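Engineer: Got a structure here, written out as structure tokens. Questions coming.
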Amino acid sequence: MGAEQPWSRPVRPHRPLRAGLMVVGVGVGLCFVGVAGLGAWNVQVVTQASGPVRETADEFLRSVTAGDTDGAYERLCADTRTRWSQLGFTSWVRTPPTVETYEILDVSVATRGGRAHGTVTVRLVRGSGMTEQRELTVVKEAGRWRVCGDPY
């Protein structure tokens, strides 16, 4: 009979579906990693910002209770300073019943449009003994945190 045929590996069937599913699986996995990374970055931004937001509100309210209206006015954002003149702000702060003490109850920081902003909930005690709860909005402006809106 003739010469023996050399051995050859059997032909494996092509499995394009399996290869396609593997590529899709890797892509979905990379998306999950990206979303998790973005979420972790957002949490880091928010947690790092809560300390400076609290400090900004505390410094503002400390200035108000001490009667340092110039110091308090300097901690206002540009938008609020365009609505309040320094003289108007001073007379508003000094109008009885003035704020005697305060307590920071809560600080929350969130991002909107990729920019962090904070809300500080405070309890104000007026000279008349009346207490009220207010929310201060704190925004980052030119690298510094500032109180924005009508502060109290």
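Engineer: Once you charge only the Cβ atoms, +1 for Lys and Arg and -1 for Asp and Glu, what is the size of the charge dipole of the range 58-133 about its Cα centre, to the nearest 20 debye?
Structural biologist: That gives the range 58-133 a dipole magnitude of about 280 debye.
Engineer: A further question on this structure: So how much slack lies between R112 and T90, counting 0.36 nm per residue of separation and subtracting their Cα-Cα distance, in nm?
Structural biologist: 4.8 nm
Engineer: Starting from the Kirkwood radius over alpha-carbon pairs of the range 90-152, derive D by Stokes-Einstein at 37 °C in a medium of 0.692 mPa s and give it in µm² s⁻¹.
Structural biologist: For these conditions, the coefficient is 254 µm²/s.
Computed from the coordinates by the stated procedures, all read-outs in this text should not be read as laboratory data. It should be emphasised that the depicted structure is a prediction, and the values quoted were computed from it without experimental measurement. No Cβ is skipped: glycine too gets one built from the backbone with ideal geometry, and neighbour counts run over all protein chains shown.
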